[in-house]
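Have a look at the structure below before the remarks.
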Amino acid sequence: MDEPKLDRRQFVGAPVAAPALGAMLLLPAAEGNPPGCEDFNVRRFGAAGDGKTKDTGAIQSAIFECHRRGGGTVLFPPGNYISGSLHLNSGIRIHLDHGATLSFSPDPSDFDAYEKLGFKNAADRETSYFHQALIWAEDAEHIAITGSGTIDGNRKRRGGPKPLAFKRCKFVTVKGITIQNSPNYCISLLGTDYVNIDGVTILNGYSDGIDPDCCQYVRIANCHIESWDDAIVPKTSFSLGTRRATQHMAVTNCVLASNCNCFKLGTESGGDFRNIAVSNCTMFSRSSTRPPISGISLLTVDGATIEGVTINNIAMNDVRCPVFLRLGNRGRDMEKPVPGLLRDVVISNIVATGARWPSVVAGIPDRPVERVTLADFRIVCKGGGTHEEGNISVPEHIDKYPTADMFGTYPSYGLFCRHGRDLRFSAIDFRYEEADARPAVLCDDINRLTIDSLETPGGDPVLFFRNVRNATVRSCHSPFGTKTFLSVGGAESRSIGLLSNDLSGAIKAVQIEDGAAADSVSEVGNRK
């Protein structure tokens, strides 16, 4: 049989002479590996797996021959295989056997250069480019990376190739493997649909964990992710040269540790986010030196619509901001910045300890966040805020990069809401480790608001409303010694009803501030 001829697209990395197929050593099949995969055992193609030899050429030869013969599984038996960039074709599965490690070459020149996009893109290099990677595929279908082996980025800092990068692919599976020491997004997906990521472990990621960008029909389940940057971060960047939605996505049963954000939509948000469900996850700090900025962040600042998002059954520990929802108008990759929409979001059954900042629901003037429900929250805050901090004026920062620390010190300790419509907060229980003189909940420029069954340890006042219209506060409890339960300010405040609350612990139920109408609040059935 003739030796296969490889072109640049089929053969990526430093050339290594592959032995003629007829002379290849037939190695015994590893127990539990897929039938027939021994035909494409990388050792038969000359891979040493000794942790010293560069095996790029031998591995690429195995991938090419597997593709030439109609597809199948390229097997990595136990060993440490050093490699540069590998190009994955359609119909190929890479299977890392137990004890197999595929390591980045220490030489940057062994990796492909960035591809040329042919259009302007404001996103950073990590988001924009896919060819500088250990394993990359473009316009491929039915590809997989499986097994119980390891991909080792072999780096000590951020900056370098991606472990796995898939661009405009379909039917992609990543299952069971461990990725560690990655200098770039660990699993990077752009315009890639029908994705199943299951049981993946990511350790010591210097950048993001899993990034589905402009992707549809994505399942992420049973993963453990420890990353310095965001753990799971769906995006909608302009890296395809067109706007495309990320939608029809489910994330479940994951353990997420980060120093930034555990689950985040954005910040790249030129395309829409729709029909996304997140459930049954734990979120915590990757290190004690820098707790995560947020547990959950939903961000649209480049014209995107975020709608149809449900998040429930989440446990957080030592996360600075449990929930951060932000609609802004940065306008990246837009000729004229136009704000998008953030609406139809339900977040429920959240337990968090060690919160340093309130949860945040924030739009911008004339563009409110709409139809958001927060339900069954139990949050333990650090507390310690002063009465003076409760009077802080929070800047708008309409075009600023969105992050939960963007507003500085907050004037409330449990929940901060501004520029919203049709908001519903129910069964919310706040506690603090140190007494806090700020309001538990501050709402500013909200139309149609319901607060039902709020429990707090205190606050001065417990609730502060500014320019709030058509609001109902019911079945809430004011702790003993509360100076004021509800303080109302702003000339636009009106039609605020207190219904069936236990206000017996408050010295004063309602305080009308300067500028608010005296009849802006009505009371029915409250216990005093």
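Each value in this text was obtained by applying a stated rule to the coordinates, not by laboratory testing. This structure is a prediction, so every number in the text was calculated from the model and none was measured. Cβ atoms come from the backbone with ideal geometry, glycine included; neighbour counts cover every protein chain shown.
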* To do: Using only Cα atoms, tell me the angle between helix 56-68 and the longest principal axis of the chain; keep it within 0 to 90° and round to the nearest 10.
  => 90
* If you project the alpha carbons of region 397-512 onto the principal axes, what extent comes out on each, in Å, largest first? -> 44, 34, 25
* Structure fact -> Those chymotrypsin sites (Phe, Trp or Tyr not before Pro) from region 390-425 that are DSSP loop and have at most 15 other Cβ neighbours within 10 Å turn out to be none
* State, to one decimal in nm, how far the label point of Val255 lies from the label point of Phe480, with both points 7 Å from Cα in the Cβ direction. => 4.3
* Which labelled figure in [x] 68, 57, 47; [y] 87, 49, 44; [z] 93, 45, 33 is Cα extents along the principal axes in Å, once derived from the coordinates -> [z]
* To do: List the lysines whose Cα lies under 27 Å from the Cα of Lys120, skipping any in the same chain that are fewer than 8 positions away.
  => Lys162, Lys167, Lys170, Lys235, Lys264, Lys336, Lys400
* Extension gain (nm, one decimal) between His397 and Asn222, 0.36 nm per residue minus Cα-Cα -> 59.3 nm
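Could you list Ser453, Ser504 so that the one with the fewest beta carbons within 10 Å of its beta carbon is first and the one with the most is last? Let's see the in-between values first.
Details: Ser453 16, Ser504 13.
Exposure proxy ranking, most exposed first: Ser504, Ser453.
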* **Reach of Lys508 by Cα under 19 Å, taken over aspartates and glutamates that are not fewer than 8 positions away in the same chain** => Asp436, Glu455, Asp460, Asp519, Glu523
* Structure fact -> Ignoring GluC sites (Glu not before Pro) buried by more than 12 other Cβ within 10 Å or outside DSSP loops, the longest site-free run in the chain is 32-334
* To do: Please compute the Cα-Cα pair-distance distribution of region 159-250 with 10 Å bins starting at 0, giving whole percents from short to long.
  => 18, 54, 26, 1
* Asked: Hey, fewest Cβ within 10 Å first, where do His95, His131 land in order?
  -> His131, His95
* Structure fact -> Relative contact order in percent for region 444-489 (Cα pairs under 8 Å, 6+ apart) equals 48
* Structure fact -> The long-range amide H neighbours of Arg421, using H built 1.01 Å from N in the peptide plane and a cut-off of under 5 Å, are Val369, Glu370, Arg371, Asn447
* Cβ-based exposure ranking for Ile296, Ile92, in which fewest neighbours within 10 Å come first -> Ile92, Ile296
* Asked: Using the C-alpha gyration tensor of region 108-156, what are the square roots of 5 times its eigenvalues, in whole angstrom, with the largest one first?
  -> 23, 16, 10
* For the chain, with only Lys/Arg (+1) and Asp/Glu (-1) charged at the beta-carbon, what is the dipole magnitude about the Cα centre, in debye rounded to 20? -> 240
* To do: With runs of 4+ DSSP H residues as the only contributors, calculate the mean residue ellipticity of the chain at 222 nm using -39,500 (n - 2.57) per run, divided by the residue total and rounded to the nearest 500.
  => -1000 deg cm²/dmol
* Mean separation of Cα contacts under 8 Å (6+ apart) over length of the chain, as relative contact order % -> 6
* Structure fact -> With a ≥ b ≥ c from the Cα gyration tensor eigenvalues, square-rooted, and the rule rounded for a/c under 1.5, otherwise prolate when a/b > b/c and oblate otherwise, region 141-300 is rounded
